[in-house]
1. Apply the a/c threshold of 1.5 to the C-alpha gyration tensor of the stretch A:118-195 and tell me whether it is rounded, prolate or oblate.
2. Test of understanding: ordering A:347, A:285, A:379 by Cβ neighbours within 10 Å, fewest first, what list do you get?
3. Using a ≥ b ≥ c from the Cα gyration tensor of chain A (square roots of the eigenvalues), is it rounded, prolate or oblate, where a/c under 1.5 gives rounded and otherwise the larger of a/b and b/c decides, a/b for prolate?
4. Need one number: % antiparallel among DSSP beta bridges in the stretch A:1-137, to the nearest 5.
5. Please give the charge dipole size of the stretch A:1-72, origin at the Cα centre, charges +1 on K and R Cβ atoms and -1 on D and E Cβ atoms. Round to the nearest 20 debye.
6. Listed highest first by mean packing, meaning other Cβ atoms within 10 Å per residue, what order do B:24-34, A:197-207, A:110-120 come in?
7. Name the residues of the stretch A:58-74 whose amide N is less than 19 Å from a point 7 angstrom out from the Cα of residue A:189 along the C-beta direction?
8. Shielding by partners for B:40-46, please: the mean number of other protein chain Cβ atoms within 10 Å of each residue's Cβ.
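All of the numbers you see were taken from the coordinates with simple rules; none came from a lab. These figures come from a predicted structure and were not determined experimentally. Backbone-built Cβ (ideal geometry, glycine too); neighbour counts: all protein chains shown.
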Amino acid sequence: MVEKVDTIVVGAGPAGSAAAYSLARADNQVLLVERAKTPGEKNVSGGVLFGSVLHQLIPNFWEDAPIERTIINRNLVFLSGESSFSLDFSSKKLENPPHCGYSIIRYDFDQWFAKRAEEAGALLATGIRVDELAWENKQVVGIRAGDDEIRANVVVAADGINSQLTEQAGLRKGLRTKHIGLGIKEVIDLPSDIIENRFHLEGNEGTAHTYLGCTKGYPGGGFLYTNRESLSLGIVVKLPAFEKATKTKAPEFIDYLKQFPYIQRIIKDGNTIEYSAHLVPEGGYSGLSKLYTNGLLVVGDAAGLALNIGYALEGMNFAIASGIAAATTIQRAHQQRNYTKKTMKHYQRLMNQSFVIKDMKTFQNAPAIISSPRLMKAYPDFINNFAHQLYQSTATPRPKLMNLLLKHVIHEISLPYLIIDGLQAVRGL
Amino acid sequence: MNSNIEDKLGTLRYNIDKESHILVNFEICKNCKPKPCILGCPAQCFELINDEVRFQYEDCIECGTCKILCDKDAIHWNYPRGTFGVAFRKG
Ligand SMILES: Cc1cc2nc3c(=O)[nH]c(=O)nc-3n(C[C@H](O)[C@H](O)[C@H](O)COP(=O)(O)OP(=O)(O)OC[C@H]3O[C@@H](n4cnc5c(N)ncnc54)[C@H](O)[C@@H]3O)c2cc1C
Ligand code: SF4
Ligand code: SF4
């Protein structure tokens, strides 16, 4: 194998492939190292990919990439026992590229993206687990994998949320449980015509659901995305749920979601064809690691670059944006023939200017708000009870709407909390 | 609809290495009250049998939850060696 290359990118997820593709296309020598035999084999997302960033890198990528469906419907559902209350939004306008969301399957998508990087000239080495960084005078000078050492001017750590490289470089101390969610997912097969009938879709239109009230009161939520011939159903639970004696084991959270009548109707007659789990960075702005040091840039989940604002989870988009910014920084460093912090710092600058860090700052209170225990249980219960009272027929005089509302509010959620949560949500989301 | 964890893990393909990629120091576990790894592992690799923690790596889906939940440094964690471990077909 080559002994020295310009750049080594560790990890062929969206962040790593974006960096490798950008560099290769600009005729830079780049080695993309992935521990899986085939890129994508180790990776899990919901997943809806927002199109705008990838479109900048690979124009009209949707014509070529393995896309499942284009999301034209979003549904936020409050689940409570037998009941469900939905905020359902559909619009053909959601379909306009590149600003729309596409449901994807990571095994297919990651392979495609890594292949594009390869075609652009990147050297893809799969089945290799990078064990550590190689250092010289406080400068990262390459990687080690088993007995092999490969040198490079710059290493890009795109090794995902459990990034060993970021920790070895001292850019982050261990992850904190409150900054991390555990995502558990099942892919459930269903024929495409049933999916289209069940969700009122046509052709390759798709829907994306977010569920609240389905995590036993612990911070987290559920999701469902339609693929061409399957559904991606999952749940994200923040790790502190397991630090308390919850008695609920992780796999039981997705079974709990599946027992709601609303979900049962949706997945009826489907079979689980894959079970998976993966961590999600949910610390928001305060969960970010340091982004660079001498000879090293950190991109994507490895840096904590993801945002969950309750009604949407963005990670892949951020990963791709950071990969592109890292590549730009490296090209600039090549010109200056300097790979110390002095040139690496440009990456931080680019990220600060990008929508990624701006969004993470704007929504820096989101992790706290969407972790509110009331949002997880009291509000879903309240809104469903209220709707139930509103619509049920009891052959007794109906209470006035406002009285009914107040009765429920006072009964189920104390008014001060309602005001505080309302204000926080308005300011923070 | 398959709902037990064995069936769910049965949907997965693995290339299992001879040696475990995760090492647990069970001496430390003896003094750990909450044992969050047992609740948190989505593949139920950690089990409590006769009050003792047991661990098997074969079903591991490489999420990293156990490493983050264990605040007693009892877990020496790594991914499996290249090409080994779980292989998702969807993800
Ligand atoms: C359940 C769930 C649902 C999600 N839903 C969405 C969604 O709907 N939309 C969205 O945008 N985001 C979503 N995300 C977040 C998104 O998946 C991540 O933010 C994104 O995958 C980050 O990309 P990455 O390239 O940084 O890391 P990853 O995709 O994790 O890629 C890291 C790569 O590095 C490799 N690697 C790791 N260590 C090594 C090593 N030592 N040597 C060699 N290779 C290594 C891995 O095998 C992997 O291929 C979701 C995440 C989860 C878990
Ligand atoms: S959390 Fe750590 S110390 Fe406690 S039982 Fe699990 S592995 Fe052992
Ligand atoms: S890495 Fe995940 S699946 Fe593997 S043992 Fe730890 S918690 Fe379980």
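1. Details: a/c = 3.17, a/b = 1.58, b/c = 2.01.
Oblate is the answer for the stretch A:118-195, as a/c is 1.5 or above yet b/c matches or exceeds a/b.
2. A:285, A:379, A:347
3. Prolate shape, in that a/c is at least 1.5 and a/b is the bigger ratio.
4. Here the antiparallel bridges make up roughly 60 percent for the stretch A:1-137.
5. 200
6. By packing density, highest mean first, the sequence is A:110-120, A:197-207, B:24-34.
7. Within reach of a label on residue A:189, which here means backbone N under 19 Å from a point 7 Å along Cα→Cβ, the stretch A:58-74 contributes A:68-69.
8. Working: counts 10, 6, 14, 6, 3, 0, 1.
Mean partner shielding for this stretch: 6.
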